[in-house]
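What follows is a set of notes on a single structure, which appears directly below.
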Ligand code: T4K
């Protein structure tokens, strides 16, 4: 049966009709995890026209300044420095904080913050994460401290804050810097205060696939006046009239900033759409054994951007990868973030200190996490249908596995 409203999907009632076994895909169009949220197109084009009319395209233009001010106001943070992407933002922050030697970082994350350290000649020391939060485990951080440790780089994964109090305590006791990768965490809070206000600095990503995007982009935020001054110089070749320090080109351009300002105008709607989606998923998935939806703390501010499942194969009878392949065939482009622990990929896996590394929680999550589509272009009926596929697969796991075996032999 075709979905009533927009006829863009086919409801699956039997696994025999699964697309992976030759049926028609449930969705006629691909359902993406990171489909960009786009604000009011007219407003955006108006701003872009103004950029073209003014012929001021980059180098700390009007829109970049406006965006920085709006973000700083929103987060109640003193300084916001817009950058061309979060990876460069992290590199600038690492250098500005003078991180050297070893920095402790979670091994269950996107590779960008790890590469940022390595790129600058700082050794990433991989740390296990807490099973419930997926964030760096402060207890393990303490065990990894060495005379070479200069900092902790925590990642607020999926927009859920790290255990900031405990990490800050460790950093203070050991005279370490603390930097937060807040790539996923724009518009989220910790104990009622907006992320962006913690550690020495925090870095957001405004990549196209993020909750709030500027095509590509990011921001470094801090309450430290001196650090902010240093970062501003660094992102502009160390140039301020004259060359005053070592620097790089980390500037955001005007079109990206215009996209950001346009996005900020609808950000409450985006948050609401994500929240509704999260609640729909929560409701639909609650009775499926072995499929666990990562919970958000609804007493905090959250962007609800990521719908994160953990698939327990022992309970569902289906592995995360099998579930993903079933969904992919149905045009549900689920993503298995971050399916390789950072120490299992190059160049780290070739380093002797990583060869024997075994971080149990990271490895369990790497094989069980699956992220589902959300965002403003997905609605209740889409979610119902995606969950129906997952439910059917889990409830008929024995037959699914046997059919998968038969199909792979053909
Ligand atoms: N720290 C953390 C913790 C991060 O997660 C990231 C980035 C960073 C730092 C660095 O931030 P940036 O330097 O990028 O500002 C995506 C993003 O490319 C990446 O930004 C992000 N994290 C990472 C978690 O996810 P992929 O490999 O998933 O991208 P891709 O191209 O497969 O896209 C995801 C889905 O979104 C696809 O199904 C297609 C869809 N999509 C994508 C784009 C770009 C669209 O529909 N439209 C689009 O324009 O990495």
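The values are calculated or read from the model by the stated rules, or taken from the named source; none is laboratory data. Computed from a prediction, not measured in an experiment: that's the story for all the values here. Cβ atoms come from the backbone with ideal geometry, glycine included; neighbour counts cover every protein chain shown.
Computed values, structure above
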read-out	value
Filtered residue count, the range 193-217, keeping only those that are surrounded by fewer than 24 Cβ atoms within 10 Å (Cβ to Cβ) and closer than 14 Å to residue 162 by Cα	3
Counted residues, the range 214-245 - those being assigned to a loop (DSSP other than H, G, I, E, B) and either at pLDDT below 95 or more than 16 Å from residue 88 (Cβ to Cβ) (or both)	5
Some residue of the range 81-94 being surrounded by fewer than 23 Cβ atoms within 10 Å (Cβ to Cβ), away from the ligand (no atom under 12 Å from the Cβ) and either part of a loop (DSSP other than H, G, I, E, B) or in contact (Cβ under 8 Å) with a residue 60 or more places away in the chain (or both)	no
The range 324-345, residues that are farther than 12 Å from residue 386 by Cα and within 21 Å of the chain's Cα centre (by Cα)	335, 336, 337, 338, 339, 340, 341, 342, 343, 344, 345
Test result for residue 257, within 17 Å of residue 205 (Cβ to Cβ), within 16 Å of the ligand (Cβ to nearest atom) and in contact with a strand residue (DSSP E or B) (Cβ under 6 Å, 6 or more places away or on another chain)	no
In the range 9-45, the residues that are over 17 Å from residue 332 (Cβ atoms) and within 16 Å of the ligand (Cβ to nearest atom)	36, 37, 38, 39, 41, 44
Residue among 60, 49 that alone is away from the ligand (no atom under 16 Å from the Cβ) and either assigned to a loop (DSSP other than H, G, I, E, B) or in contact with a strand residue (DSSP E or B) (Cβ under 9 Å, 6 or more places away or on another chain) (or both)	60
Residue match in the range 363-373 (condition: crowded, with 22+ Cβ neighbours inside 10 Å and in a helix (DSSP H, G or I))	yes
Residue list for the range 260-274, restricted to those being out of contact with any helix residue (DSSP H, G or I) (no Cβ under 6 Å at 6 or more places or on another chain) and surrounded by 16 or more Cβ atoms within 10 Å (Cβ to Cβ)	263, 266, 267, 270, 271, 273, 274
Test result for residue 133, within 16 Å of the ligand (Cβ to nearest atom), surrounded by fewer than 22 Cβ atoms within 10 Å (Cβ to Cβ), touching a residue at least 12 places away in the same chain (Cβ under 8 Å) and assigned to a loop (DSSP other than H, G, I, E, B)	yes
